[in-house]
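Contents: one structure, followed by commentary.
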Amino acid sequence: MTGCGIQAEALYKSYGGAGGVAALAGVNCVIETGQRVAVIGKSGSGKSTLLNLFAGLDRPTSGQLTIAGRELHSLSSKEMARYRLDTVGVVFQAFQLIPQRTALQNVEVPLILAGKDRQTRLQQATQWLDKVGLSHRIHHHPYELSGGEQQRVAIARALVNQPKVVLADEPTGNLDTTTASDIVQLLTELCNQTQATFLLVTHDVDIADRLCKRKLIMRDGRLTEADDDSHA
Amino acid sequence: MIRTRDIWSMAAHNLWQRKLRTLLNLLGIVVGCVVLLMTAAGVSGVKNAIRILFDSAEAARQIGVLPDRNAKGDPPKDVTEVTAEMSEERRERIVFQLEQKWRAENRQPGAWEITPQQIKELSALPHVLSVVPGVNVPCVVSIGLEEEASAEQGETPKVSNGITGIDLGSSLSAGRVIAGDMLGSDSSNEVLLHEFVAYQLGYQSDPQLKQLLGKQLHVEYQPRRGSLANIFNMLVEEWGQLSVQELGQQMSFMDALHQLINELDSTSLTSNQKQLLRQLFPKGELGTPAQLQPIQRSFRIRGIVRDGNDDSLARLFRGHYQGGYGGIIVSSDVASEIHLQISENQSFHEAVVTVDSTSNLARVIEQVEASGTRTFSALRILENMDRHVDESAWIVLGIAAAILFTASIGISNTLLVSVLERTPEFGILKSVGATNSMLLRLMVCEGAILGLLGAVIAIVTSLAAAWIGHGMIRQYVESRLNTDIASTLFQFSMWPMLAVICVSVFVCVLASILPAWRASRLDPIVAMRRT
Ligand SMILES: Nc1ncnc2c1ncn2[C@@H]1O[C@H](COP(=O)(O)OP(=O)(O)O)[C@@H](O)[C@H]1O
Ligand SMILES: [Mg+2]
């Protein structure tokens, strides 16, 4: 096993203190570097909870989580921020773009936080917007863009710092089927280009099928490997 | 990690995105800063204007000097000991009275008058423009007429008045001239005549006054007759510090006087005193003192003057000492010469010291008093004036501080609301790698920019307002005081501007700390869910 993948051991996450509901009830999994994996499960099964832990946005109640060589469960909040900045890129269902900033400025944010100079920022952000097919829309604000275009901006932003791990939480959940299909297409292409480890969270088995060979099933806070019959 | 420059530009970008709120915040800061600035500028300007105004009034720059006859230093302990039972306040008052009594009883011999030497020393002090010894020599004046004219008119009228000296450089004196000119620089034979003396002399109408110019004025004054007290003083000085009883025990008063007159040349009396004694007792014997011959002088009339009290500012200082005016006005040098000619102890009773500026008044007074004299001046009035300006300035500064404080609460509030509104944004920033401290700095920077911008706008506004306001206030003050104000009423110097910038930025940063702290503590997942 390489040290650069994702390694989870007995991950527990419960909300509302000790007696609260367990959203994750002992998750164990190993994802190797460069692997593309889909997590499938019903709504409320704990998929987003798991992804937030992987994204460094939240901490497990107990258990160990090592991603790209970092032990996330023992990082300080400053180190966590650093991890989010340069190791992981996240695409959300609701796009999460800053409304006051244009497409270009939104993609620029991670570069600013990384301390890149203006020249480099403009060049890289433009290049990524080009890659997601939005070179003609770079000075538009989110409210001037369609849902699909907004998600493309979000994808560019997630990838602009060239993260080792890319996480997507229902990236097509807010889009109609045609647009969703285009976004899936784009994600597939980009994942082929970058050698990043890719984790897709979705309740849509078709999309999971199209993007990822390996599929994991989330059920009541536990993760199991999907055998081929399960979706047949 | 993130460059400081980018934090500033992000902060500026955020303020720019919310123009209306930024504008409202700025308004509060600007008003506070303007009041603060105008007060500071106004105080130094008004103080300066008052100084210039007072400096233009000669009376405010003058110090009346009187010899201080009382003993210096503290009396011995036993003199001021009050053992009787009484309240502390009353004991203090009694002790004060005892001290005064001791000083009066222990007057220093020799320190009775202001000597020509002391006058010279006073003139040499820094910042002293002139020292005019107080002179008022009683005299009788008449107008000198050509022979025929006097034959026609018979007896010319004679008027009793006094000879007084003036400072030739004084603008106060110059302002009093109503006909003719002020005394010239070489004026040993010239005189200014008071209009009332002229009136009494028969020159009453305006054309008649003009006729007086250039005419000769005959002045007649008596050498001062030595009073018995003066003679006794001379005796005491000659025979040592003896009391009347002691003198009486040694020899009779008349014997002493007789001996003094006989051995006049070998005494240590001044030449004037000797001369006076010789005139009184011409045969070297005691008897009825002889009648002294009056001294006569004549002067050319150079101008007619009126009383000098109607200067509006001089009136302000009327409470402080001013030497008495005689109606026969000559230069201070001539007046001193006449005074010394008839005075038996070669000294003056008083003098007026004119200083270059009211700001040097205190320093000069200190030095003058160090030479053993008492002084009277407008110093207290000036100090009170300065204090009143300062006091009212503090009140206005307090109001400005209150405005700034209110503005800062407003800023804090709007920044807090802004944090609530921008919660998703902060969540997003955190999710892509912003640290707590970066968000904290971002918000504080926004506050600092508001403060800086507000202060700069305030400075520009104040400069403009001062420019407009100065014209208006100046017009008002000048019409009220009838005087020119040469200075600017609002004086902006570097440090109040820097201070205002610092205060403004400080207040705004302070106001942004709580909102900034809240922003930095946000949980990114919760924050993002608020879209
Ligand atoms: N912040 C939270 N506080 C309390 N319960 C939560 C919170 N987030 C998620 N949960 C609960 O945890 C469980 C898993 O949620 P989630 O991971 O969002 O599911 P999924 O993404 O698979 O739909 C759900 O029962 C949900 O109600
Ligand atoms: Mg979910």
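The values are calculated or read from the model by the stated rules, or taken from the named source; none is laboratory data. Computed from a predicted model, the values in this text were never measured in an experiment. Note: ideal-geometry Cβ built from the backbone for every residue, glycine included; neighbour counts use all protein chains shown.
Tabulated data
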quantity	calculated
Those helices (runs of 4 or more DSSP H) lying entirely in segment B:348-458 with at least 3 residues within 14 Å of chain A (Cβ to nearest Cβ)	B:423-431
Members of segment A:189-204 that are loosely packed, with under 15 Cβ neighbours inside 10 Å and part of a helix (DSSP H, G or I)	A:Glu189, A:Asn192, A:Gln193
Any chance A:Asp86 is within 11 Å of chain B (Cβ to nearest Cβ), within 12 Å of ligand 1 (Cβ to nearest atom) and in contact (Cβ under 8 Å) with a residue 40 or more places away in the chain	no
Total residues in segment A:93-121, condition surrounded by 22 or more Cβ atoms within 10 Å (Cβ to Cβ), more than 7 Å from chain B (Cβ to nearest Cβ) and part of a loop (DSSP other than H, G, I, E, B)	2
Residue in segment B:42-64 that is aliphatic (A, V, I, L, M), closer than 30 Å to B:Met438 by Cβ and in a helix (DSSP H, G or I) present	no
Qualifying residues in segment A:153-165 (those that are buried (at least 24 other Cβ atoms within 10 Å of the Cβ) and touching a helix residue (DSSP H, G or I) at 6+ places or on another chain (Cβ under 7 Å)) - the one nearest to A:Gly69 (Cα to Cα)	A:Val160
Tally, over segment A:8-51, of residues that are within 16 Å of ligand 2 (Cβ to nearest atom), closer than 20 Å to A:Leu211 by Cβ and outside any loop (DSSP other than H, G, I, E, B)	8
Sole exception among (1) more than 10 Å from chain B (Cβ to nearest Cβ); (2) more than 21 Å from A:Gln195 (Cα to Cα); (3) surrounded by fewer than 24 Cβ atoms within 10 Å (Cβ to Cβ) for A:Thr66, by number	(2)
Residues of segment A:69-83 that turn out to be surrounded by 22 or more Cβ atoms within 10 Å (Cβ to Cβ) and within 7 Å of chain B (Cβ to nearest Cβ), as a count	1
Subset of segment A:165-179 that is away from every other protein chain (no Cβ under 14 Å) and more than 16 Å from ligand 2 (Cβ to nearest atom) - its residue that is nearest to A:Asn106 (Cα to Cα)	A:Thr179
Residue match in segment B:427-447 (condition: acidic (Asp, Glu) and within 23 Å of A:Phe54 (Cα to Cα))	no
Test: residue in segment A:19-42 that is more than 30 Å from A:Thr172 (Cβ to Cβ), within 16 Å of ligand 1 (Cβ to nearest atom) and not aliphatic (A, V, I, L, M)	yes
Test set (1) within 16 Å of ligand 2 (Cβ to nearest atom); (2) at pLDDT 90 or above; (3) not in a strand (DSSP E or B) - A:Ala156 fails condition number	(1)
